[in-house]
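Below is one structure, written out as structure tokens; comments come after it.
The values are calculated or read from the model by the stated rules, or taken from the named source; none is laboratory data. A quick note: this is a predicted structure, and the numbers were derived from the prediction, not measured. Neighbour counts are summed over all protein chains in view; Cβ atoms, including those assigned to glycine, are modelled from backbone coordinates with ideal geometry.
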Amino acid sequence: MVILIFKCFILHELMDSLYLFFVHEAHAKNLAFKYENGLPYGKCNLITDKIKLEQVLTNLIKNAIKFTKNGEISYGYKPNKNTLLFWVKDTGVGIDKKNHQSIFERFRQAEISTSAEHGSGLGLAISRAFVESMQGEMWVESEPGQGSTFYFSLPFIQTRSA
Ligand code: ADP
């Protein structure tokens with residue numbers, strides 16, 4: 001069972017802290033690293049489980065750096081109808097179309113019940129399960145040799161910036 005704690009928080013701060021956490025690792029591999037905020041700064045942009053959102057983005061950025069030798073990693077979010085669309089994009093090895101589903105399914109049950117609690121990398125199966133538990137969807141667009149973009153959407157309950 002996934003327990004969610006919904007709170008409202010500052011998305012810009014989450015984007016900044018991910019940047020500070022990964023920038024050295026990305027630059028050490030000579031990769032450009034950047035992000036985009038798709039909403040103006042607000043004290044309360046989004047109501048969702050901040051920790052789970054951060055874990056999912058951390059996992060995707062970690063993978064992006066791991067599977068990229070040259071080029072650039074970028075991430076961000078933007079409003080898209082009644083959802084907020086997040087992405088993590090790399091110029092890495094890419095993923096063959098035949099694996100676009102299976103990468104989210106490997107060891108799904110075993111992973112969900114164990115690694116989430118053991119502080120190991122979440123893995124894509126758990127990342128997708130977290131997103132789905134927050135009423136969102138996750139998918140990948142990727143070409144071998146061209147890079148990958150992982151997307152996920154979350155319901156966007158617009159709040160008034162306090
Ligand atoms: P792990 O990285 O521990 O194998 P994940 O669930 O995070 O587990 O990823 C599953 C697989 O999906 C990886 O082994 C890799 O083959 C592929 N993959 C994930 N992210 C990327 C990426 N950004 N670029 C290329 N392949 C990726």
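Things to note:
- Residue that is farthest from the ligand (Cβ to nearest atom), among those in region 121-135 that are touching a residue at least 12 places away in the same chain (Cβ under 8 Å) and over 12 Å from the mean Cα position of the chain (by Cα): GLN135
- Residues in region 53-95 that are under 10 Å from the mean Cα position of the chain (by Cα) and either hydroxyl-bearing (Ser, Thr, Tyr) or within 16 Å of PHE9 (Cβ to Cβ) (or both): LEU53, GLU54, GLN55, VAL56, LEU57, THR58, TYR75, TYR77, PHE86.
- Qualifying positions in region 27-52 - at pLDDT 95 or above, hydrophobic (A, V, I, L, M, F, W, C) and more than 16 Å from the chain's Cα centre (by Cα): ALA28, LEU31, ALA32
- Residue, modelled with the lowest pLDDT, within region 96-115, restricted to residues that are over 17 Å from the mean Cα position of the chain (by Cα) and within 9 Å of the ligand (Cβ to nearest atom): GLU111
- Top-ranked residue in region 54-93 [being surrounded by 19 or more Cβ atoms within 10 Å (Cβ to Cβ) and assigned to a loop (DSSP other than H, G, I, E, B); ranked as nearest to the ligand (Cβ to nearest atom)]: GLY92
- Of all the residues in region 18-31, those that are surrounded by fewer than 16 Cβ atoms within 10 Å (Cβ to Cβ) and closer than 16 Å to TRP87 by Cα number 1.
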